[in-house]
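A short worksheet on the structure shown next.
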Amino acid sequence: MIIVSQNKRLSTKSLELSIENLENQNAKRIMVEGSCGKLYFLGKYATEERAKEVLQEMIQRYANWENMKAGQPSGICQPVYYMPED
């Protein structure tokens, strides 16, 4: 699955995702870890609950895709997940 960041400046296939605090704010951001260990921004959400909902949606979408491609011919296209704005 390909994940596209809110600002459309980053796309990744990595599922090394985490919810991080924003300094001096209650808001949370979802980050992805790159191959060099650096964290990259995917999306910002007003609450931790919303960030968890988005993360769960991504996990469910990935699981659905994995289930769908089982038994399908090779060459099936990967889905694209666009990070929700809010």
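The values are calculated or read from the model by the stated rules, or taken from the named source; none is laboratory data. The structure presented is a predicted model; accordingly, all values stated were derived computationally and were not measured. As a convention, Cβ positions derive from the backbone with ideal geometry for all residues, glycine included, and neighbour counts pool all protein chains shown. To get the accessible areas, we keep the full protein, side chains included, count just its heavy atoms, and leave off ligands, DNA and RNA. Shrake-Rupley method; radii C 1.70, N 1.55, O 1.52, S 1.80 Å.
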Gln25 being farther than 21 Å from Lys8 by Cβ and not aliphatic (A, V, I, L, M): yes
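Okay, residues lined up against (1) of a type in the set (Asp, Glu); (2) free of Cβ contacts under 8 Å to residues at least 40 places away in the same chain; (3) outside any strand (DSSP E or B); (4) open to solvent by less than 90 Å² (accessible area, probe 1.4 Å):
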{"residue": "Gln6", "(1), (2), (3), (4)": "no, no, yes, yes"}
{"residue": "Ile19", "(1), (2), (3), (4)": "no, yes, no, yes"}
{"residue": "Cys36", "(1), (2), (3), (4)": "no, yes, yes, no"}
{"residue": "Lys44", "(1), (2), (3), (4)": "no, yes, no, no"}
{"residue": "Glu49", "(1), (2), (3), (4)": "yes, yes, yes, no"}
{"residue": "Asn64", "(1), (2), (3), (4)": "no, yes, yes, yes"}
{"residue": "Gln78", "(1), (2), (3), (4)": "no, no, yes, yes"}
Single match in Met58, Met68 (criterion: hydrophobic (A, V, I, L, M, F, W, C), surrounded by 14 or more Cβ atoms within 10 Å (Cβ to Cβ), assigned to a helix (DSSP H, G or I) and at negative phi): Met58
